[in-house]
Amino acid sequence: MQRRNWIAAAAALVIATPFIAPTASAQAWPTRPIKLVVPFPPGGLIDNMARLIGPKLSNELGQPIVIDNKPGAGGNLGAAEAARGAADGYTLLMASPPLTISPALYSKLPYKPEQIAPVALLGRVPNVLMVHPTSGINSVAELTALAKSKPGQLNYASNGQGTSLHLSAELYKSQSGAFVTHIPYRGAAAAQTGLMATEVNMMFDNLPSALGLIKGGKLKALAVTTPMRSSALPDVPTMEEAGMKGFQVFSWFGVAAPAGLPAPIQQKLEQALERVANMPEVKAAMLKSGAEPAWANSQGLASFMQADTAKWKNVAAFANIKLD
């Protein structure tokens, strides 16, 4: 009888083990290095933020965070790389605007949006509307009046089709009723050069990359695109203050993961990221670069991404933008 009871207990343990093991494994996470996919080349805003966050997150979790740059297709290749990863917490994605812009512009993507699950929002970056200092334009209202008086004769630069800079200008056009011609350049630096050379009349840019040119007097900022003024340019109004009601655009960065992350890993990762986001030195580094700390948990980031995608779908429909 005792032998039969022992055999039955052993059999029950063997049967139960597959169901216990995943939970135990999740609770032990992480036990090896974690890959953080960055969907852009080294040196840009998203890469810089990943390299700011990475070492701090490594200290919190006790494992190395390995930055893996996977640029291409406007961030879509990196997102696809992360989407193919196992939902075990060892593949993460540096989340950024392509996750909300691309579904509005492409009918086919190398991944399915539902394959990517938001984990946390860490910060956001204003875009800034700029003109040349010699343009004689001192406000958004003056720019709009000039553009309406010369339909199609003014133009704007961007860093390429389908980027947040391109869509920021199209959102401006949809709200202002002005018609301004799009001139895409190969990257933001080339677009800045075009504006400084007066090849174009205006452009939206990410604030960190434009801040030095604005403070150096080479370009003039008319407005920032966030709901609140930027601490880096406190004298520059928001687009809403400038008369563009509801105009809100910002680049953003956070962390996402392959969908299906076990709840214990999700919770542990989210809590670690919140601690990192609240570190004074991290906040100071973000502010110095022109970014703004902006913490949100997975639910907050998911709600934001849903609303942002809907906004860009409206802008893409207005401007008749389709990239495939």
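The values are calculated or read from the model by the stated rules, or taken from the named source; none is laboratory data. This is a predicted model, so every value here is computed, not measured. FYI the Cβ positions are ideal-geometry reconstructions off the backbone, even for glycines, and counts take in every protein chain you see. Surface accessibility is based on the protein's heavy atoms, side chains included, excluding ligands, DNA and RNA. Shrake-Rupley method; radii C 1.70, N 1.55, O 1.52, S 1.80 Å.
One-quarter of the Cα convex hull surface for the chain, in nm²?
If you wrap the Cα atoms of the chain in a convex hull and average its projections, you get 18.6 nm².
Would you please report the Å³ per residue occupied by the convex hull of the alpha carbon atoms in the range 50-149?
Each residue corresponds to 167 Å³ of Cα convex hull volume.
If every alpha-carbon in the range 51-94 counts as one equal scatterer, what log10 I(q)/I(0) does Debye give at q = 0.24, 0.27, 0.28 1/Å?
Values, matching the q order: -0.90, -1.01, -1.04.
Could you order the peptides 257-263, 166-172 from most to least packed, using the average number of other C-beta atoms within 10 Å per residue?
Those peptides, ordered most packed to least, come out 166-172, 257-263.
Starting from the coordinates of the alpha-carbon atoms of the range 96-187, obtain the Kirkwood hydrodynamic radius over all distinct pairs and give the value in Å to one decimal.
Kirkwood radius, the range 96-187: 15.4 Å.
Can you show me the helix-derived [θ] at 222 nm for the chain, built from DSSP H runs with n ≥ 4 at -39,500 (n - 2.57) apiece and divided by the number of residues, rounded to the nearest 500.
The per-residue figure over the chain is -14500 deg cm²/dmol.
Highest first, please rank the peptides 202-211, 132-141 by the mean number of other Cβ atoms sitting within 10 Å of their residues.
On the way: 202-211: 24.8, 132-141: 14.8.
Ranking the peptides 202-211, 132-141 by packing returns 202-211, 132-141.
Based on alpha-carbon centroids, what's the gap between the range 250-324 and the range 30-85 in Å, whole number please?
14 Å
For the chain, what % of the accessible area comes from carbon and sulfur atoms, probe 1.4 Å?
On the way: 8270 of 14710 Å².
Ligands and nucleic acids excluded, carbon and sulfur reach 56 percent.
Compute the helix-to-body angle for 2-28: its Cα long axis versus the longest principal axis of the chain, expressed 0 to 90° and rounded to tens.
Helix 2-28 and the main axis of the chain meet at about 20 degrees.
Per-residue counts of other Cβ atoms within 10 Å, averaged by peptide: what ranking do you get for 121-129, 192-200, 44-52, highest first?
Those peptides, ordered most packed to least, come out 121-129, 44-52, 192-200.
Report, by chain and number, residues whose modeled amide H sits under 5 Å from the one on Leu222, excluding near sequence neighbours (fewer than 5 apart, same chain).
Those qualifying (amide H under 5 Å, at least 5 residues apart or on another chain) are Leu129, Met130, Val131.
Over the chain, what is the mean sequence separation of C-alpha contacts under 8 Å (at least six apart), divided by residue count, expressed as relative contact order in percent?
The value is 25 percent.
Among the aspartates and glutamates, which fall within straight-line cross-link reach of Lys108, defined as a Cα-Cα distance under 18 Å, with same-chain neighbours fewer than 8 residues apart omitted?
Glu81, Asp324
Explain nothing, just compute: Karplus ³J(HN,Hα) = 6.51 cos²θ - 1.76 cosθ + 1.60, θ = phi - 60°, for every residue of the range 59-71 in order, whole Hz, x for Gly and Pro.
5, 5, 9, x, 9, x, 9, 9, 6, 10, 6, 10, x
When the expected Rg is taken as 2.2 N^0.38 Å, what fraction or multiple of it is the alpha-carbon Rg of the range 138-202? Spell out each step's value before the answer.
Numbers: Rg = 11.2 Å, N = 65, 2.2 N^0.38 = 10.7 Å.
Against the compact-globule rule of thumb, the ratio is 1.05.
Under a no-solvent Debye model with one identical scatterer per Cα of the range 216-322, what's log10 I(q)/I(0) at q = 0.23, 0.24 Å⁻¹?
Once normalised to I(0) and log-transformed, intensities are -1.29, -1.32.
Specify whether the C-alpha gyration tensor of the range 136-260 places it in the rounded, prolate or oblate class, a ≥ b ≥ c being the square roots of the eigenvalues: rounded for a/c under 1.5, otherwise prolate if a/b is larger than b/c and oblate if not.
rounded
Calculate, for the chain, the solvent-accessible area per residue in square angstrom, rolling a 1.4 angstrom probe over the heavy atoms of the protein chains.
45 Å²
Longer than 23 Å from Cα to Cα, which of Lys70/Lys173; Lys35/Lys70; Lys283/Lys311 are they? Say none if no pair is.
Checking Cα-Cα distances, Lys70/Lys173; Lys283/Lys311 exceed 23 Å.
From the Cα gyration tensor of the range 216-255, with a ≥ b ≥ c the square roots of its eigenvalues, which class applies: rounded if a/c is under 1.5, or else prolate if a/b is larger than b/c, or else oblate?
Because a/c hits 1.5 or more and a/b fails to exceed b/c, the range 216-255 counts as oblate.
Under 1.5 on a/c is rounded, so check that first for the range 267-314, then, if it is not, pick prolate when a/b is larger than b/c and oblate when it is not; a ≥ b ≥ c are the square roots of the alpha carbon gyration tensor eigenvalues. If you can, show how the numbers build up before the last one.
Details: a/c = 4.74, a/b = 1.44, b/c = 3.29.
Oblate shape, in that a/c is at least 1.5 and b/c is the bigger or equal ratio.
Over what distance in Å are the Cα centres of the range 93-116 and the range 211-227 separated?
That distance is 29 Å.
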